[in-house]
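This report concerns only the one structure given below.
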Amino acid sequence: MIVNTAKKYSPKSLDEFIFPNEEACELVTAYSSGEMERPLILYGSSGSGKSLLQRLIPQAIERKETQVNKVICSDLKLPRDIHDLYGRNKQFNHVFTVNGQRYNYFIIEEFYMKSIRLNDALKIELDATLGTDLTIFSTNRFELIDRGILSRSETLEVQPCNSSIFLPHAKKIMQAEEIDISDHDLQVKLNAIYAVYKDNRKYYSIMDALIRKERIQCLTT
Ligand SMILES: Nc1ncnc2c1ncn2[C@@H]1O[C@H](COP(=O)(O)OP(=O)(O)OP(=O)(O)O)[C@@H](O)[C@H]1O
Ligand SMILES: [Mg+2]
């Protein structure tokens, strides 16, 4: 009866991802070809799909179960942690990739590094591993990123989807859950979410609430 639509209907592959605009679609599609080697920095507000893209891009490149190294940036406290992450003592890393993948993947979440020493260590690793390793960062703090890291990377602002762009996905979910709601009413609900939050996560919350309401009403009538 209770559904977590974010869990049940979250995109499982890049084909299902809802792009907020052409620019995002073009850059992400270019990465999914496996030919873009530079680190990618995904930035933007909460719930816009940055972490989701960090998961889906490696899968799209490899087209198979993909091994990735995922860390939260705040766990990288010393330059050594960064060198260890990229495998300082594993020289083969710079020639081979795990499982014959196109890349070794490094997913760094909540990217924010204040220390010059940490940024310098990261710059060295990004240079040394270019072509073999692909690092994808996500952050809400774009304006605080070191210029040297920015210089080495492609950057993409991942914007939240506006309500019209999200509507077709929301309709499919409502249909799959057999909820009787007109396009107009659904659009109005999504508009209200976009006006207040500009957060894709909140679209799922409102759909959960609509489904709950309908099902509880059904039980009591
Ligand atoms: N473009 C999108 N298409 C479909 N679902 C999306 C999209 N963006 C976000 N979602 C949904 O919202 C959830 C949260 O997205 P995600 O974790 O990627 O946000 P984020 O940008 O990393 O936010 P934060 O800055 O808070 O970490 C996803 O798991 C997915 O269910
Ligand atoms: Mg995130």
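The values are calculated or read from the model by the stated rules, or taken from the named source; none is laboratory data. The model shown is predicted, which means the values in this text are computed figures rather than measured ones. FYI the Cβ positions are ideal-geometry reconstructions off the backbone, even for glycines, and counts take in every protein chain you see.
List, please: which pairs have Cβ atoms under 7 Å, are six or more places apart or on different chains, and start with a residue in segment 106-127 that is away from ligand 2 (no atom under 16 Å from the Cβ) and end with one that is of a type outside the set (Val, Ile, Thr) and not in a helix (DSSP H, G or I)?
Matching pairs, first to second residue: 113/146; 118/76; 119/113; 119/146; 122/113; 126/39.
Of everything in segment 18-58, what is within 13 Å of ligand 1 (Cβ to nearest atom) and in a helix (DSSP H, G or I)? Give them in sequence order.
Residues satisfying the conditions are 24, 25, 28, 50, 51, 52, 53, 54, 55, 56, 57.
Can you pull out the residues in segment 59-69 that are assigned to a strand (DSSP E or B) and either more than 28 Å from residue 147 (Cβ to Cβ) or within 16 Å of ligand 2 (Cβ to nearest atom) (or both)?
Within segment 59-69, just 68 meets the criteria.
Against the condition of a type in the set (A, V, I, L, M) and either within 16 Å of ligand 2 (Cβ to nearest atom) or under 21 Å from the mean Cα position of the chain (by Cα) (or both), how does residue 179 come out, does it pass?
Here the answer is no, as residue 179 does not meet what is asked.
Every residue in segment 21-58 that is of a type in the set (A, V, I, L, M) and within 16 Å of ligand 2 (Cβ to nearest atom), please.
Listed by number, the residues that qualify are 24, 28, 40, 41, 42, 52, 53, 56, 57.
Give me the helices (runs of 4 or more DSSP H) completely within segment 130-221, filtered to those with at least 1 residues that are more than 27 Å from residue 34 (Cβ to Cβ) and modelled with pLDDT under 95, ordered by residue number.
200-220
With respect to residue 2, is the statement that it is hydrophobic (A, V, I, L, M, F, W, C) and under 18 Å from the mean Cα position of the chain (by Cα) true?
In short, no.
Go through 111, 106 for me and flag whichever is crowded, with 17+ Cβ neighbours inside 10 Å, of a type in the set (A, V, I, L, M, F, W, C) and within 14 Å of ligand 1 (Cβ to nearest atom).
Every option except 111 fails the conditions.
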